[in-house]
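**Student:** This is the structure I want to talk about, given as structure tokens.
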Amino acid sequence: MDLEHLIKACKKQNLDAQSQLYQKYKDDLFVLCLKYCTNREEAQDNLQDAFLEIFSSIKKYKGSGSFEGWMKRITINKAIDKYKKDSHLNIVINDDILEDHISIEKSTIATMPLEDILKTIQELPPRYRMVFNLYELDNYSHKDIGKLLNISESTSKSNLHRAKQLLQTKMQRTIEVSPKHLTSNGH
């Protein structure tokens with residue numbers, strides 16, 4: 001069934017179509033969930049919540065814009081909602097001037113397995129992880145991030161800066177203890 005027919009069938013609450021839609025997009029949306037969650041279990045919960053919302057809101061999808069983009073927005077919003085609900089400890093740091101730019105060298109990232117990069121992002125404090133993912137991976141502006149997370153633009157910028165600092169430090173440590181950098185004992 002092509003996507004257009006699949007969407008129409010899902011709007012009629014056809015369980016077979018919902019299952020097909022889930023199978024078609026679950027892997028891509030799970031990877032998206034992993035970026036925003038601290039572990040696989042939390043990401044799986046977020047994925048399930050996102051699909052529940054997708055199926056209950058699919059009648060609102062009017063066909064304008066990418067359906068995949070629409071589902072990604074729902075998935076990201078579910079992660080943000082959970083973050084806001086669980087966010088009893090907020091990291092609010094506001095630096096007016098962030099002159100030095102942190103950049104994680106491409107050579108550093110190139111030597112790390114994708115799983116390690118993802119794990120490093122998941123280990124960031126929740127606010128930093130949210131801002132980093134929204135800005136760097138999903139192309140939201142600091143203004144939009146501020147609205148989504150109820151923080152100022154400058155706090156968003158500061159949190160991004162601190163996230164990059166932490167990532168740079170953690171990635172460097174990961175590379176330093178990586179097995180391929182250790183000497184072989186002949187086995």
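**Student:** Which number in (1) farther than 26 Å from THR169 by Cα; (2) modelled with pLDDT under 95 marks the one condition that ASN39 misses?
**Tutor:** (1)
**Student:** I'm trying to understand the selection: among the residues of the range 26-53, which are assigned to a loop (DSSP other than H, G, I, E, B) and surrounded by 21 or more Cβ atoms within 10 Å (Cβ to Cβ)?
**Tutor:** The first filter runs over the range 26-53 and keeps only residues assigned to a loop (DSSP other than H, G, I, E, B), leaving 37-39.
Within the range 26-53, just CYS37 meets the criteria.
**Student:** A further question on this structure: Quick one: in the range 133-158, which of the residues that are within 21 Å of THR75 (Cβ to Cβ) and touching a Lys or Arg at 6+ places or on another chain (Cβ under 7 Å) is surrounded by the fewest Cβ atoms within 10 Å (Cβ to Cβ)?
**Tutor:** Residue satisfying both the conditions and the ranking: LEU137.
**Student:** I've got another one for you. Taking only pairs six or more apart or across chains, which ones have beta-carbon atoms under 7 Å, a first residue in the range 54-70 that is surrounded by fewer than 16 Cβ atoms within 10 Å (Cβ to Cβ), and a second residue that is of a type outside the set (A, V, I, L, M, F, W, C) and assigned to a helix (DSSP H, G or I)?
**Tutor:** Between residues of the range 54-70 that are surrounded by fewer than 16 Cβ atoms within 10 Å (Cβ to Cβ) and residues that are of a type outside the set (A, V, I, L, M, F, W, C) and assigned to a helix (DSSP H, G or I), the close pairs are LYS59/LYS11.
**Student:** For the range 1-25, how many residues meet the condition of being surrounded by fewer than 16 Cβ atoms within 10 Å (Cβ to Cβ) and closer than 24 Å to ASP138 by Cα?
**Tutor:** So the count comes out to 3.
The values are calculated or read from the model by the stated rules, or taken from the named source; none is laboratory data. Predicted model, so just to flag it, every value in this text is computed and none were measured. Backbone-built Cβ (ideal geometry, glycine too); neighbour counts: all protein chains shown.
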